[in-house]
2 protein chains.
Amino acid sequence: MVRRSAVGWLGMACAAMAAHAGPEISGEQRALEERFDAALQRSNLGEWMERLAARPHHVGSAQGRSNALFMAELFESWGYETRVEEFRVLFPTPKRRALTLLAPERFEARLEEPVLDAAASAGKLPGYNAYSPDGDVTGPLVYVNYGIPEDYEELARRGIDVAGRIVIARYGASWRGIKPKVAAEHGALGCILYSDPRDDGYFQGEVYPEGGYRPDVGVQRGSVADMPLYPGDPLTPFEGAVEGAARLQREDAPTLARIPVLPISHADALPLLQALGGPVAPEAWRGGLPLTYRIGPGPAEVRLQLEFDWSLAPAYDVIARLEGHEEPEQWVIRGNHHDAWVNGATDPVSGMVALMEEARAIATLTRDGWRPRRTLVYAAWDAEEPGLLGSTEWAETHAEELRAKAVVYVNSDSNSRGYLSAGGSHALEPLVWDAAREVQDPRLGVDVAARARGALAVFGAGSDRERALAGRTLPIAPLGSGSDYTPFLQHLGIASLNLGFGGEGDYGQYHSAYDTVDHHVRFMDPGHEYGVALARVAGRVVLRISEAELLPFRLEPLAEVIAGYAEEVDDLGKRMRAERELERRLRETGHRAAVVGPGEPGLLAPLPEPVPHLNLAPLQNAVEALIAAAAAFDAAAGGAGDLPRDARDDVNGFLMRLERSLGDEGGLPGRPWFRHHVYAPGFYTGYGVKTLPGVREAIEQRRWEEAESEVLKLSGLLSRLAGEAEQAAARLSDRD
Amino acid sequence: MVRRSAVGWLGMACAAMAAHAGPEISGEQRALEERFDAALQRSNLGEWMERLAARPHHVGSAQGRSNALFMAELFESWGYETRVEEFRVLFPTPKRRALTLLAPERFEARLEEPVLDAAASAGKLPGYNAYSPDGDVTGPLVYVNYGIPEDYEELARRGIDVAGRIVIARYGASWRGIKPKVAAEHGALGCILYSDPRDDGYFQGEVYPEGGYRPDVGVQRGSVADMPLYPGDPLTPFEGAVEGAARLQREDAPTLARIPVLPISHADALPLLQALGGPVAPEAWRGGLPLTYRIGPGPAEVRLQLEFDWSLAPAYDVIARLEGHEEPEQWVIRGNHHDAWVNGATDPVSGMVALMEEARAIATLTRDGWRPRRTLVYAAWDAEEPGLLGSTEWAETHAEELRAKAVVYVNSDSNSRGYLSAGGSHALEPLVWDAAREVQDPRLGVDVAARARGALAVFGAGSDRERALAGRTLPIAPLGSGSDYTPFLQHLGIASLNLGFGGEGDYGQYHSAYDTVDHHVRFMDPGHEYGVALARVAGRVVLRISEAELLPFRLEPLAEVIAGYAEEVDDLGKRMRAERELERRLRETGHRAAVVGPGEPGLLAPLPEPVPHLNLAPLQNAVEALIAAAAAFDAAAGGAGDLPRDARDDVNGFLMRLERSLGDEGGLPGRPWFRHHVYAPGFYTGYGVKTLPGVREAIEQRRWEEAESEVLKLSGLLSRLAGEAEQAAARLSDRD
């Protein structure tokens, strides 16, 4: 998984931002980090990548199991107490795939990715979407652009319906699982996904193997489960998929896709798109293929036949612990997945080997008798690709213990050259950038925080750019989903981070057979230099959280970012009201009717209902209280002097519960698995984050009563947190 | 010529706007216009188009001469006193054209446009750019996007130089003559222009003959003279190119292109672009061809060989007069060109036949004994395509008489279905939209002003949209160049308008062999309905100016639009200062240096000099005086009661001189032929207008002293005009 465009990397850097000092770093800590840096060996990353990416290693494959055991042995050899935990998860694999253009001419899609190295590809899964249902559907084809809700609004304005038809959507703009979900909501029979060359093919740069971008035959595999409902094994929501666990019947599993879905290359898509008639697609819908993009429906008629083996597969999580000597019951967890769609040199091995070298280097520090203050847990997750299964099932299995013991979860995934991107819990914002300032960029003679700041100053806009120029603390991005932090952050309420470098790799191999070691070392991270940089940044973050007497969390960045989100939600309502009012005026005045183009039907979606004014005052009051309490807490936390043990324990306990206090047992409306009320993957974006999701999505989807009750729920959480923060600040005044 | 994208049509509608009442229309006038409407016969447009577009009819062709004589006979038959005026103009035609890719592989460009009807195309000119020099140049190829100055700034940031090389630029974003001009300024040896499918080919819609857009083999012909210096015959600036006129030597003619230029199809461009190496082009530079756009230079190496026949050709202007009975020495001039690059059904015949039918219908009004109050002059210009030669040479030949007698010049050119677009002298703004409100759109049940308003309300933005919604007067656009109004408006200072419908045609045949009657009636204006609508609007404008006792000009729209331009010029300086300051900060802080991508040289153009604060106070004061005087004038002009003859003559005289008072004999810096100080084609945009061009271009090009002296010059003109307007207002108070 993982996001993958340069835009994404920069976009993540463009959130709100303020000036906050992180905790002081002691001389002792600095010396520890220097020894850590000195222990890192770049050559290990390459060696392990060759080993782990040698063959296809999806969940359930022999190579996947072998990789897990290989890593477990290594962790064990470095001194970690290591176990391999096994789960039994639903993982369908294709038995039959056929896509036929029946009219106006017959064309059989090849559905093949020619490989460059047959031995290295032996046993690879073909192009398919995991959790598509079996099916055999025939119908006229409709091009739906990215297949997100706005695209169907555009179709409605043109009077084009997809009911009883088969849609073809290009990858991009949302998580892929959204596309069949929205298509099914509109009555489509089937869904074809394809990789347009504009998005990650020749439009972006030279294609593999000459360059790094997707060749015409490249296919993006991937899960189409309804992950924004819940990730993990579709049959075991809320429960670990251990041997003998209670399982839903497949027909009752709500996250399985409703209609057959198949991903294809643009070589296979070209004849289909060429066969479409109907209106010319709007300019923003047109991709990079040499044709006139038309919407249809028809005259292209297609048949899609899919059949899967619905067996359970074993998933192997490697869990390696280094026990803390002072606070063994406080865990700093660090994870990356190890399963891939095919060879997965970049996704996930580039992040995995950085994590392994980080773990090895930390283990070397124990040779001098050093032991971490808190317990370190290094994890290599299986089955992330079909939908975060390895991490989710582990988190669900150990939920109670994790709620009691987990301090933080630090994730990584694919890594490449470029800019440090950091997302996660805003209480960790100063900590992340303080650590980043001490890591040099491998290519340019500046630290990696300076590069991130440069990107914001040069490519950012408005107040973000001004803040970057003014030298204030850089932002971290709120997290949606797409990698293994989701069960920790959004389900269990554990403070989380996602770290990685990117934006300068030529990332066109995503989820294809071309994500090979050759590709990675030529187009993503030559020499594994950014892999080492990732180990340096993540290792520092781990060590600083592990070793701090008082946890290095800060509340002001969190309070301020929530204040910003509350303003956005307010603006959202205002904008929707203004847009609706404008549309009403355009219709009443006849201006809409005066711009109907030749051959356009002039049909219009119904005018939406008026957008009422919502009472956001409780939220605004709670946010103000939180800002005041956060300022008091941070001032007290930054004070000098020793803190009595019991006060420190109380405050650390408060900070460990901090993220949990932003969620509740009931979770978000309609998706109780997602409990966090500040960060969630969008119900209609997937990877893309929705902040204050309960309130925001209720407004977006025009459920006004729900919006007001979500405001009250969120306000209650924030008010309670403000009260606890004040108490914690008072405890901190007990210093000597 | 003529602009040609939907964006252009809408863009023209997005200028400033206010609420102004035009003059009252008498019952007698309305009755006259109804008789005019009733006389219009749609079938004539189709018949004449078949006749005029039957064969290629470029300047100097047998068909061009035959068309002129045919039209002259018709005008004469309708009762116009008609002459054909002949000029002798420089019109090079190709003797040899060859373009060869020498490396890395050899490819000979075909340089052919296959025709669909050999008889109708007999004698057509091949694809070429008029006023390219002869030449035989060889060099590495560099892709320069649109080839406008900003593109060379981007190249400079990447350390890529075109000196000693051959550039390939896509059509679009500026007038084509700008491309070789800027390339030559940067030392290029030659210039290739091509039509990218993104701009008017398959990306936009189905290609000809199935659809209206440019097929892969379509070539855009056109002039590359340096028209922003002066239009017309390159050898006779300021003077009519009559038999025996003094002519410059070719080597002294400053508007001839400096380096060989050749236009090609994208079928011919594809192998050239595929052969380019070097960095991947920025996203905004990438077109619709199925390849990775790279900049070069090389390894593609090309040879361009061009040789022309530099003979003079005869140009035939048809001039048809209907003498005024009250004010024969006040002329209302109405023109359209008749020459084409090939068959030119749309460009220019669609506008020409609308003008002819308008003239015929007006002539029928004289059967009842009616005579126009002022003299009407209908003109069919030759040699517009190579650079407005027919109109310019006529205007220069008759300059003295025109300055004394011309009241207004109303132009049209290519016409298609869609929205009414009106540009020109802002004193005519209320008049135009008052007339438009009385013409029904042929396709939708609303008047053509309502359609234009709808477009602004639906597709416009910000305050323009609000104004459209609020029902205030619609704007007309300031004119740059691209059709025959230029010598009248910007050289002689005669109030001018340019009228036409467009935005809903599939306009991919521009200047190609595919601009045929078949194309026009299928994809531009089926049934010639918008041709008739153009005749209705333009005929009304002509009749209202011709018949008004007091000329129906208003000063407030002019004053307000100038005030808006003055603000823009102020903002321009501020924006340039802010951009320069930001760039300085990005460099000093090292942020620029922190975002150098892999493989990017990290070279930077030198930091520009600081942008000084300029004294715009004289301009602001003059604008305020003009606004006050304009309000006084319009109030007085709208008053009731009869005006004594001498007062009316004085005020009409003032209004006839109005546009002249916005110019001076010295003209613009470096281009004295362009005398108007409010409207001019941009020196580096060509067709695109620069308002307040003396001041604006001095600022844009960082000539600060010139900017301040231009401010003083312009302020003087505006102050004088304010004084004259006050006097005229006083004369108007002499009503009974």
> If we only count helices (runs of 4 or more DSSP H) wholly inside the range A:131-233, which ones have 1 or more residues that are out of contact with any helix residue (DSSP H, G or I) (no Cβ under 9 Å at 6 or more places or on another chain) and away from every other protein chain (no Cβ under 14 Å)?
Replying inline: A:149-157, A:178-185
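Rundown of residues vs (1) away from chain A (no Cβ under 14 Å); (2) closer than 30 Å to residue B:36 by Cβ, yes/no style:
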site	(1), (2)
B:516	yes, no
B:521	no, yes
B:527	no, yes
B:554	yes, yes
B:558	yes, yes
>> Given the criterion farther than 24 Å from residue A:58 by Cα and either at pLDDT below 95 or not assigned by TED's automatic domain parsing to the domain that holds residue A:283 (or both), identify the matching residue among A:163, A:156.
In response: A:156
> In this structure, does residue A:684 turn out to be buried (at least 24 other Cβ atoms within 10 Å of the Cβ), outside the structural domain of residue A:171 (by TED's automatic domain parsing) and of a type in the set (Ser, Thr, Tyr)?
Replying inline: no
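Quick grid of which residues meet (1) over 30 Å from residue A:372 (Cα atoms); (2) within 14 Å of chain B (Cβ to nearest Cβ); (3) touching a Pro at 6+ places or on another chain (Cβ under 7 Å):
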residue: A:295; (1), (2), (3): yes, yes, yes
residue: A:304; (1), (2), (3): yes, no, yes
residue: A:314; (1), (2), (3): yes, no, no
residue: A:319; (1), (2), (3): no, no, no
residue: A:329; (1), (2), (3): no, no, no
> Which condition number does residue A:484 fail, the rest of (1) within 14 Å of another protein chain (Cβ to nearest Cβ); (2) charged (D, E, K, R); (3) in contact with a Phe, Trp or Tyr (Cβ under 8 Å, 6 or more places away or on another chain) being met?
Replying inline: (1)
> Using beta carbons and a limit of 7 Å, which pairs, at least six apart or on different chains, have the first residue in the range B:452-465 and in contact (Cβ under 8 Å) with a residue 60 or more places away in the chain and the second one of a type in the set (Val, Ile, Thr)?
Replying inline: B:455/A:595
> Assuming residue B:274 fulfils every condition listed in (1) surrounded by fewer than 19 Cβ atoms within 10 Å (Cβ to Cβ); (2) modelled with pLDDT of 95 or more; (3) more than 14 Å from every other protein chain (Cβ to nearest Cβ) apart from one, which condition is it?
Replying inline: (3)
> Which residue out of A:324, A:287, A:344, A:335 is away from every other protein chain (no Cβ under 14 Å), at negative phi and crowded, with 22+ Cβ neighbours inside 10 Å?
Replying inline: A:335
>> Given the criterion without any contact (Cβ under 8 Å) to a residue 40 or more places away in the chain, charged (D, E, K, R) and in contact with a helix residue (DSSP H, G or I) (Cβ under 9 Å, 6 or more places away or on another chain), identify the matching residue among A:413, A:447.
In response: A:447
> Among B:617, B:640, B:605, which is within 30 Å of residue B:160 (Cα to Cα) and away from chain A (no Cβ under 14 Å)?
Replying inline: B:605
>> Suppose we keep only residues that are touching a helix residue (DSSP H, G or I) at 6+ places or on another chain (Cβ under 7 Å) and either more than 15 Å from residue A:429 (Cα to Cα) or away from every other protein chain (no Cβ under 12 Å) (or both) within the range A:461-473. Which one would you say is surrounded by the most Cβ atoms within 10 Å (Cβ to Cβ)?
In response: A:473
> What do you reckon, is residue B:347 modelled with pLDDT of 95 or more, charged (D, E, K, R) and within 21 Å of the chain's Cα centre (by Cα)?
Replying inline: yes
> Would it be correct to say that residue A:251 is part of a helix (DSSP H, G or I) and away from chain B (no Cβ under 14 Å)?
Replying inline: yes
> With B:617, B:566, B:628, B:637 as the choices, which residue is hydrophobic (A, V, I, L, M, F, W, C) and free of Cβ contacts under 8 Å to residues at least 60 places away in the same chain?
Replying inline: B:617
> Looking at the range B:66-82, which of its residues are surrounded by 16 or more Cβ atoms within 10 Å (Cβ to Cβ) and in contact (Cβ under 8 Å) with a residue 60 or more places away in the chain?
Replying inline: B:67, B:68, B:71, B:72, B:74, B:75, B:78, B:79, B:80, B:82
>> Is it the case, given these coordinates, that residue B:600 is within 14 Å of another protein chain (Cβ to nearest Cβ), part of a helix (DSSP H, G or I) and within 30 Å of residue A:448 (Cα to Cα)?
In response: no
>> Please verify whether residue B:256 is away from every other protein chain (no Cβ under 14 Å), closer than 24 Å to residue B:164 by Cα and outside any loop (DSSP other than H, G, I, E, B), treating the condition exactly as stated.
In response: no
> Name the residues in the range B:490-519 that are within 14 Å of residue B:121 (Cβ to Cβ) and either buried (at least 24 other Cβ atoms within 10 Å of the Cβ) or among the basic types (Lys, Arg) (or both), would you?
Replying inline: B:509, B:512, B:513, B:514, B:515, B:516, B:519
> Would you pick out the residues in the range A:518-541 that are within 22 Å of residue A:359 (Cα to Cα) and either among the β-branched types (Val, Ile, Thr) or not assigned by TED's automatic domain parsing to the domain that holds residue A:431 (or both)?
Replying inline: A:532, A:537, A:541
> How many of the residues in the range B:44-66 are under 24 Å from the mean Cα position of the chain (by Cα), farther than 14 Å from residue B:357 by Cβ and not in a loop (DSSP other than H, G, I, E, B)?
Replying inline: 1
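The values are calculated or read from the model by the stated rules, or taken from the named source; none is laboratory data. All values reported here derive from a predicted model rather than from experimental measurement. Virtual Cβ from ideal backbone geometry, glycine too; neighbours counted across all protein chains shown.
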